[in-house]
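Following: one structure in structure tokens, then a few remarks.
The values are calculated or read from the model by the stated rules, or taken from the named source; none is laboratory data. What you see is a predicted model, and the numbers here were worked out from it, not measured in a lab. Backbone-built Cβ (ideal geometry, glycine too); neighbour counts: all protein chains shown. Each accessible area value is taken on the protein alone, full model and side chains, heavy atoms only, with ligands, DNA and RNA left out. Shrake-Rupley method; radii C 1.70, N 1.55, O 1.52, S 1.80 Å.
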Amino acid sequence: MSQNIIIIGGGIIGLSCAYELRMRGFNVTVLEARRCGGQASGAAAGMLAPFSENTEGPDAFFRLCQFSLLLYPEWQEQIRSISGVHFEYANTGSLHIAYHAADLLSLEGRRLWQRQYGSSGEIVSGAELFRMEPALSRDVLAALYTPEESHIYAPDFIRALEQACRISGVLIKEELGSIRLVEWDRHIAVSAADSTVFYGDRLVASTGAWAQELSEQLGLPIPVYPIRGQICAYRTETQPPVKHMVFFNQGYLVAKANGTMVCGASEDVAGYDTSVTERGIERLRNWNNKVLPFLEGQLPFHSWAGLRPATQDGYPLIGPVEGAERVLMAAGHYRNGILLSPVTAKLIADFIENRCVPSEVREMFSPSRFANAWI
């Protein structure tokens, strides 16, 4: 008899887990307090860039990100095929730029270790760099070019993933207001704001920046905190096309197929406030025209903010909760939720099916790794 899985949270991680579990034959119900994809997922720039996001070295987190990137071509094609919803998925590659000779050694160091992990990256400069990306400022000295990196248009992809879940038989309940876990020992019972109770055999908590609300109920520290990320977009239909994702030490620029340029992200600690501030957007405007001069004097036509779920140590919470064997967590992905969605879904399904999960994954991303903080 198939297990009934309840997933709290209808963002990219919750929907991905729901889709993967349904594909493996489980009965799945997604409970969402608001609307699916309405928080950090729908606000994301959609970068699939583990080499650009992880600059220090090949730790377990980088390897998790890289593996998820390798899953993406087949993953997104499945979602597209089942949902029938079109979304942009572009293998543009990326350029991580440098302005000074002193930065070249760092770029070369990254190129060397990343080549050992599947990157065919190379340092490009001068005429070759500006042939690849003519719109770049001529003040840019060189860039680390990583062909393997891609991006996806997050709002459309979330819609496609939600539709794929529904078509495949996932039950999705939205606008539930407050959602509370009331029983997790003998079975799972979750109560909505209108007192409706949903029952299941296992629970997957994918509530993003709100994950720490389970701390008191489970008697376990869950140090997930909201970090506000502010993003803006420009209209670029009449400007030179930008072919690659462009990373700089202050942010990123990603050209989308709909003729817009996404610039992000200005980060600050503002609790659960998702309002856009003049100061936050000004931080982006202060540097982006120095990367792409055609942005000089332009005003963004759209600005928005999302809450990124950051953990105390920077790593996500993936797997079962110690002492509450029916409860698993898939939260705290910070700025890599879109990238890590397929690998997180695979791992959660593997845990539920008692399949082999690498020991470094069990240890580094365990939701119970902060337990000693309350002792």
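Which one of the conditions (1) part of a loop (DSSP other than H, G, I, E, B); (2) buried (at least 16 other Cβ atoms within 10 Å of the Cβ); (3) free of Cβ contacts under 8 Å to residues at least 60 places away in the same chain does Val85 fail to meet, given that it meets all the rest?
Checking Val85 against (1) part of a loop (DSSP other than H, G, I, E, B); (2) buried (at least 16 other Cβ atoms within 10 Å of the Cβ); (3) free of Cβ contacts under 8 Å to residues at least 60 places away in the same chain, the one that fails is (3).
Any idea which residue in the stretch 276-300 is nearest to Gly208 (Cα to Cα), counting only those that are part of a loop (DSSP other than H, G, I, E, B) and over 24 Å from the mean Cα position of the chain (by Cα)?
If we take residues in the stretch 276-300 being part of a loop (DSSP other than H, G, I, E, B) and over 24 Å from the mean Cα position of the chain (by Cα), then Leu299 is nearest to Gly208 (Cα to Cα).
Anything in the stretch 310-333 that is closer than 15 Å to Gly37 by Cα and either open to solvent by 10 Å² or more (accessible area, probe 1.4 Å) or assigned to a loop (DSSP other than H, G, I, E, B) (or both)? List them, or say none.
Listed by number, the list holds a single entry, His333.
Does Gln239 meet the test of being touching a residue at least 12 places away in the same chain (Cβ under 8 Å) and either more than 21 Å from Gln39 (Cα to Cα) or surrounded by 22 or more Cβ atoms within 10 Å (Cβ to Cβ) (or both)?
Yes: the conditions hold for Gln239.
Within the stretch 136-150, work out how many residues are among the β-branched types (Val, Ile, Thr) and either assigned to a loop (DSSP other than H, G, I, E, B) or open to solvent by 10 Å² or more (accessible area, probe 1.4 Å) (or both).
Residues in the stretch 136-150 being among the β-branched types (Val, Ile, Thr) and either assigned to a loop (DSSP other than H, G, I, E, B) or open to solvent by 10 Å² or more (accessible area, probe 1.4 Å) (or both): 1 in total.
Is there a residue being more than 15 Å from Ile152 (Cα to Cα) and surrounded by fewer than 23 Cβ atoms within 10 Å (Cβ to Cβ) anywhere in the stretch 42-49?
The answer is no, given that none of the residues of the stretch 42-49 is more than 15 Å from Ile152 (Cα to Cα) and surrounded by fewer than 23 Cβ atoms within 10 Å (Cβ to Cβ).
Out of Glu53, Glu32, report the one residue that is closer than 26 Å to Phe247 by Cα, surrounded by 19 or more Cβ atoms within 10 Å (Cβ to Cβ) and among the charged types (D, E, K, R).
Selected residue: Glu53, the only one of Glu53, Glu32 that is closer than 26 Å to Phe247 by Cα, surrounded by 19 or more Cβ atoms within 10 Å (Cβ to Cβ) and among the charged types (D, E, K, R).
Based on what the data block shows, is Tyr72 over 28 Å from Leu214 (Cα atoms), part of a helix (DSSP H, G or I), open to solvent by less than 40 Å² (accessible area, probe 1.4 Å) and in contact with a Ser or Thr (Cβ under 9 Å, 6 or more places away or on another chain)?
yes
In the set Gly93, Gly14, which member is open to solvent by less than 40 Å² (accessible area, probe 1.4 Å), at positive phi and not hydrophobic (A, V, I, L, M, F, W, C)?
The unique qualifying residue is Gly93.
Scan the stretch 29-62 residue by residue and report those that are farther than 17 Å from Ser150 by Cα, touching a residue at least 60 places away in the same chain (Cβ under 8 Å) and more than 14 Å from the chain's Cα centre (by Cα).
Thr29, Val30, Leu31, Glu32, Ala33, Arg34, Arg35, Cys36, Ala60
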